[in-house]
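The values are calculated or read from the model by the stated rules, or taken from the named source; none is laboratory data. Since the structure is predicted, the reported quantities are computational estimates derived from the model, not experimental observations. As a convention, Cβ positions derive from the backbone with ideal geometry for all residues, glycine included, and neighbour counts pool all protein chains shown.
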Amino acid sequence: MPPVTDIEAIADSTKTHWVNRAPLGIRPYLQLSRLDRPVGYWLLALPGWIGLAFAGLSHGLSWTDLIWAVLILIGSIAMRGAGCTYNDIVDQDLDAQVERTALRPLPAGTITTKQAWIWTFAQIGVGFLVWLCLPLLAKAIALLALPLVAAYPFMKRITWFPQVWLGLTFNWAVLVAYAAKTGTVSLPLFILYISLMFWTVGYDTIYACQDIEDDAMVGIKSTARKFGGQVKLGVGVSYAAFLALIFSVYWNIYNQFDAIFLSVFTLPLVFHLIWQLITLKPENAQNALKRFKSNFSAGLLVMFAFLGPTLVSIITHSG
């Protein structure tokens with residue numbers, strides 16, 4: 001590998017981000033972990049926080065929830081970094097052929113595959129420390145995610161719907177967090193998990209719009225390519241399924257009157273997703289990237305949809 005004298009910012013990374021001003025010796029590692037694109041680890045952590053908020057409906061809120069929330073964030077940063085590094089190891093030949101990913105550390109030659117593997121296991125080590133803090137049921141559920149993570153980089157080669165696999169993988173934390181707080185699982189929890197999967201299909205289809213031409217050239221499959229000129233329809237159907245299942249969760253845990261009344265807490269989420277669809281321009285990469293990043297706000301609104309009723313109950317009973 002030639003000596004590194006400078007490292008350019010990756011295409012969809014903000015040039016002014018602190019990662020792109022970090023010392024050259026550590027910058028490739030930070031880029032492998034995607035720390036210059038924090039929306040990714042937020043989208044991994046938010047399902048865990050949503051799981052805590054959802055558990056609060058039946059088990060209330062406590063100060064230990066803050067501890068779980070911090071551990072979920074640390075674990076999400078570490079495991080998202082490990083997953084991205086592993087993904088880049090597997091995909092480095094494909095990444096070299098795609099304009100947006102050609103400057104990633106492995107295809108750009110700023111780091112070796114051996115160094116990337118060492119960095120992968122270092123991050124897994126941090127995730128392992130978080131795993132040790134979990135109760136037994138949550139530990140077992142967390143381990144079940146490993147096959148999903150390991151298989152994901154290959155999905156884009158064998159199916160037009162790798163976003164579905166990503167949705168099953170990225171939202172696993174909702175199951176882990178709920179089990180950590182309550183020591184149980186439930187049918188409404190699994191409905192919530194599937195609903196979040198559809199949310200991921202929607203927002204990752206938007207993300208994939210940036211690479212449609214390059215993906216077609218190198219043979220990478222995605223829902224963005226599969227939907228073709230009907231991308232907005234495909235995203236809309238995914239978001240509609242997401243919202244329908246969220247409402248189904250309400251109907252599973254509340255009586256009819258309370259479900260209708262409390263669904264008001266989902267309205268900000270509904271309006272936000274409608275805004276995404278109306279303003280999305282699939283052919284405009286910058287537009288698609290901004291709409292994708294706005295799903296950080298969408299995740300907070302999902303959490304609010306479940307946290308709101310709990311807060312109303314606390315206020316009502318304290319009054």
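Put simply, of TRP199, TRP165, TRP172 the only residue that is surrounded by 19 or more Cβ atoms within 10 Å (Cβ to Cβ), of a type outside the set (Val, Ile, Thr), within 25 Å of ASN284 (Cβ to Cβ) and in contact with a Leu (Cβ under 9 Å, 6 or more places away or on another chain) is TRP199.
Only one of the numbered conditions (1) in a helix (DSSP H, G or I); (2) out of contact with any Gly (no Cβ under 6 Å at 6 or more places or on another chain); (3) free of Cβ contacts under 8 Å to residues at least 60 places away in the same chain is not met by ASP36, and that is (1). Please pick out the residue among LEU280, LEU243, LEU289, LEU307 that is without any contact (Cβ under 8 Å) to a residue 60 or more places away in the chain and not polar (S, T, N, Q). Result of the check over LEU280, LEU243, LEU289, LEU307: LEU243.
Which residues, counting only those in the range 96-112, are surrounded by fewer than 21 Cβ atoms within 10 Å (Cβ to Cβ) and assigned to a helix (DSSP H, G or I)?
If the condition is that a residue be surrounded by fewer than 21 Cβ atoms within 10 Å (Cβ to Cβ) and assigned to a helix (DSSP H, G or I), then PRO107, ALA108 are the ones that fit.
For first residues located in the range 42-56 and closer than 18 Å to SER248 by Cα, partners that are among the acidic types (Asp, Glu) and surrounded by fewer than 24 Cβ atoms within 10 Å (Cβ to Cβ) and lie 6+ apart or on another chain with Cβ distances below 9 Å form the pairs ALA53/ASP65; ALA55/ASP65; GLY56/ASP65.
Search the range 242-268 for residues being among the aliphatic types (A, V, I, L, M) and touching a Ser or Thr at 6+ places or on another chain (Cβ under 9 Å), and hand back the single one that is farthest from SER294 (Cα to Cα). Step through it out loud before you land on a result.
Initially, the range 242-268 is screened for residues among the aliphatic types (A, V, I, L, M), giving 243-246, 249, 253, 259-260, 262, 264, 267.
Then drop every residue that is not touching a Ser or Thr at 6+ places or on another chain (Cβ under 9 Å), which leaves 243-246, 249, 253.
Numbers: LEU243: 17, ALA244: 21, LEU245: 21, ILE246: 19, VAL249: 24, ILE253: 29 Å.
Ranking the qualifying residues of the range 242-268, first place goes to ILE253.
Among the residues making up the range 131-161, those that are modelled with pLDDT of 95 or more and surrounded by 19 or more Cβ atoms within 10 Å (Cβ to Cβ) are LEU134, ALA138, ILE141, ALA142.
Residues in the range 116-126 that are farther than 9 Å from GLY81 by Cβ and buried (at least 17 other Cβ atoms within 10 Å of the Cβ) were compared, and the one that is nearest to the chain's Cα centre (by Cα) is ILE124. Residue selection: THR184 satisfies the criterion of being without any contact (Cβ under 8 Å) to a residue 60 or more places away in the chain and either surrounded by 14 or more Cβ atoms within 10 Å (Cβ to Cβ) or closer than 24 Å to ASP65 by Cβ (or both). Of all residues in the range 151-173, those that are under 26 Å from LEU73 (Cβ atoms) have Cβ atoms under 6 Å from Cβ atoms of residues that are in a loop (DSSP other than H, G, I, E, B) and modelled with pLDDT of 90 or more, 6 or more apart or on another chain, in TRP172/ALA145.
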